[in-house]
Structure formats: structure tokens, C-alpha cells
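Heads up: the structure comes next, in C-alpha cells.
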């Protein structure tokens, strides 16, 4: 789990989010407005925004995934893997019961933890090329 999720307001631009993702070497940011509102991934920026003709100045709130599947801190790696499989998702926010996001678990995180010799783990553990 990445225990330091990057939080941006719903009013942040797609360009701001993409820049943060590049600079922090992450694939998702969480959008907050006091409590957790949603998640935006690098794929959301491409498929929901750019492919639909939105500009880099569009805000995160306009493309944010708000129907969120999430974990509680007490959930296990197995819970995360099961949810990812059932929902065909690659990132899960970890949210405390008070709504505070305390991390994001990615498919790569699970591969590194559970199957460190797999190709996915090997790729996920490699340094960024940006």
C-alpha cells in the first residue's frame, strides 16, 4: 500500500493532476472536499477526459470516479485481491471509517507482496522511467 496518497481538490485541473502523477511516480490521486469524494487515475485522464475532447484545464471533479470500491485498514491482501478481481479495478483506496483516505493499494503492490518473483512484481518494483 502507498501510505501517502496524494490529495487534490475537485477544482484541480487535469494538467495539475497529471503533473503530480508524473512527479510523484503514481497512477492515481484522491479527490477530497473535506472527506473522500473519489479517485482519478491516469487512465481516467486519458479515457474519460482527453478521448472525450476535454481540455487540460477541465477539473478533476468532472471525471472523478465516485462510485468507489474501497478497503478499510483492517481488510487483508486477500480482500483487496478479491475486490480487484470482482470489480476489474487496479487500485483501491484504503479509507478509515471517518472517511479519511490513508492509502491506496495497487495491483502492483499486491504482486510485490504476494508473488515477488512474478513478472508484474518485477515490473512494479522497477524504477520509474520518467
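Brief remarks follow.
- Number of positions in the stretch 71-94 that are surrounded by 18 or more Cβ atoms within 10 Å (Cβ to Cβ) and either touching a residue at least 60 places away in the same chain (Cβ under 8 Å) or under 12 Å from residue 1 (Cβ atoms) (or both): 6
- Figure legend. Inter-residue proximity from the stretch 102-130: first residues on the phi < 0 side of the Ramachandran plot and part of a loop (DSSP other than H, G, I, E, B), second residues at pLDDT 90 or above and surrounded by fewer than 17 Cβ atoms within 10 Å (Cβ to Cβ), beta-carbon distance below 6 Å, spacing 6+ or different chains. Indicated pairs: 130/22.
- Of all residues in the stretch 11-42 being part of a loop (DSSP other than H, G, I, E, B) and under 15 Å from the mean Cα position of the chain (by Cα), the one that is surrounded by the fewest Cβ atoms within 10 Å (Cβ to Cβ): 25
- Residue within the stretch 43-57 that is within 14 Å of the chain's Cα centre (by Cα), within 22 Å of residue 123 (Cα to Cα) and part of a loop (DSSP other than H, G, I, E, B) present: no
- Subset of the stretch 43-57 (residues that are touching a strand residue (DSSP E or B) at 6+ places or on another chain (Cβ under 7 Å) and either surrounded by 15 or more Cβ atoms within 10 Å (Cβ to Cβ) or closer than 21 Å to residue 70 by Cα (or both)): 44
- Test for residue 97: is it surrounded by 12 or more Cβ atoms within 10 Å (Cβ to Cβ) and either touching a residue at least 24 places away in the same chain (Cβ under 8 Å) or under 15 Å from residue 6 (Cβ atoms) (or both): no
- Contact map, the stretch 16-30: first residue in contact (Cβ under 8 Å) with a residue 12 or more places away in the chain, second residue crowded, with 18+ Cβ neighbours inside 10 Å and part of a helix (DSSP H, G or I), Cβ cut-off under 7 Å, separation 6 or more or different chains; pairs are 17/45; 17/60; 18/45; 27/21; 29/17; 29/21.
- Given (1) in contact with a helix residue (DSSP H, G or I) (Cβ under 8 Å, 6 or more places away or on another chain); (2) modelled with pLDDT of 90 or more; (3) under 17 Å from residue 27 (Cα atoms), index of the condition residue 64 fails: (2)
The values are calculated or read from the model by the stated rules, or taken from the named source; none is laboratory data. Small disclaimer: the values here were computed from a predicted structure and weren't measured. As a convention, Cβ positions derive from the backbone with ideal geometry for all residues, glycine included, and neighbour counts pool all protein chains shown.
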